[in-house]
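The structure appears right after this line, and notes come after that.
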Amino acid sequence: QDRRAPTVPPAKRRLHPRPRRDMSSAGQQAASGSAPVTTRLKGSKQMPTAGWIDVPVCEALLTKDIKVLTSVDGSPNSMVALKYITDGLLQQDRRAFVRVLHVYDESKKYLPPECTRDRLKLAVESLLTSSVSSKRYQLAWVRKHAPGSTGQQINEAIDSLPADFACMGFFGLKGTKRDITMLGATLRTNVADVLNRGNSCSLICIKDEDPELLPIRTKKAVFVVSVSLNKSSTKAFLDALRLSKPGDEIHVVYVKSYLEREDSDYTAEVRLKYEGFFASFRDDGQQTFSNFHDRLVKFELVSKERRESVPQAVVRYADEVEADFLVVGASVKDRVARGKKPVGSVSLQICLMTERNFIVANWIDVAPQVYDNHVGRSTSMRRVW
C-alpha cells in the first residue's frame, strides 16, 4: 500500500502495488566493493569541472558536528518532524544538537489545548528528556513580533545557532489556508520563507503525518538524490550521507534526455564523478569516506519518458523505489547574484510534485579560506570531487 497517495482509493492501491527496486545486486556490490568501479585518474591534466568540491571541504562537511533547528507549532507535520530528529538523527549521531523553536501568539485564543504555549512546551520537553541528554537540546519559546513575521524569526534562529539543518513540517495548523502559490503548486508560507532566505543551512521538510512512516531506529531509510555536474548537487549527496545510518540506501539519480541512446560526455562525467565517490567508501586510506562503507549506494541513469520533464522523471523514480526522502541541491549565492530565487525551478518543482519528504541542500560557493572559518577544518586545493 502506497503511504503517500491519498487521492487513490486504498483498495485500488492494494491491487497495483509499486515495485521496489532491488538493491541486492548492483547496489550491494557497489557498497561491498565487489563491483568494478572506475575512479578519476590521478595526475590527469584535465581540469575539474565547476561541479567539483575540494575533498577537504567534503571531509569537513561529513565530520562537522550537526546543529539542527526544528520549528514546532503543535501541528501533526511539525511534531512528526520533531520525532524524526529526536528518535532518528539524535540517536544515530551522538554529537548532534537540536534547538526547538516555537513562535507563539498570545492573541490566538482559538488554538487547541495541545497547541498552546505551555502545553506544547511541556510535551516537547517531555519528548526530549526521554530521548537525549539535556546538553544536546535547547528550547526557544519566543513571542511573535508581528503578523506574518514567523518565517523571518525562524530564519533569525537559523542564523543565530547557526544551524546546519532546519527541520520543519510541510503544513501548519491551518493547512492549505496558509499556503501560497509557487510554480502552480502550494507551499506553506514559513517553508517558503526559509527557502527564499538562502543560506548555508539545508532544509528537511516532513510531509508524513504519522511517525510510523519515518525511517528511524532499525527501519531502513531510502534517499533519492537528484544530481548533475554542479556543486549544489554534490552538497545534496553529502547531506544524504550525513543524515543516513548504516544499512540505508542512497540512490544517486541523473536524468538523461529521451533521445540520448548512448551516454554523452556530460553523462559519462557525472557517472565517473559519483563512482569515484563510491570507490572512496571502500578505500581504507580514506579515513572520512570509508566511514560510510556500510551504506548501500547506487548511481542510476533515468531516461525521461515521452513528454516527461526532469522533475517528473525524478519523482517517478522515487515512487518506484518507495523513497523516504528526495534530496535536491540549491546554488544559493550564484542564483541570488543573478537576481533569482535561491532554489531553482527544477529543484522546487521536484519538492512540490512529490508526496514524500524532501531535503533542499543549500550550497554557498565561497573562497576556501572563508569556508575554512565556517566549518572549522583546514582546507586544501590538492584534491577535488
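How high is the FRET efficiency from K108 to I66, r the C-beta distance, R0 41 Å, rounded to 0.05? The pair K108/I66 has a calculated efficiency of 0.80. Overall, the anisotropy analysis places region 191-313 in the oblate class: the square-rooted eigenvalues a ≥ b ≥ c of its C-alpha gyration tensor yield a/c not less than 1.5, with a/b not exceeding b/c. Of the trypsin sites (Lys or Arg not before Pro) in region 110-174, the ones in a loop by DSSP (not H, G, I, E or B) with at most 14 other beta carbons within 10 Å are K174.
Applying a threshold of 22 Å to the alpha-carbon distances of K231/K256; K144/K235; K109/K144; K64/K298; K64/K121; K135/K220 flags K144/K235; K64/K298; K64/K121; K135/K220 as lying beyond it. Spin-label pair A140-S264: with each label point 7 Å from Cα along the Cα-Cβ axis, the two points sit 4.3 nm from one another. Modelled label positions at S290 and D210, each set 7 Å beyond Cα in the direction of Cβ, lie 4.3 nm from each other.
Read the figures in this text as sums done on the coordinates, not as results from a lab. Computed from a predicted structure; not experimentally measured. Cβ coordinates were reconstructed from backbone atoms using ideal geometry, including for glycine residues, and neighbour counts include every protein chain displayed.
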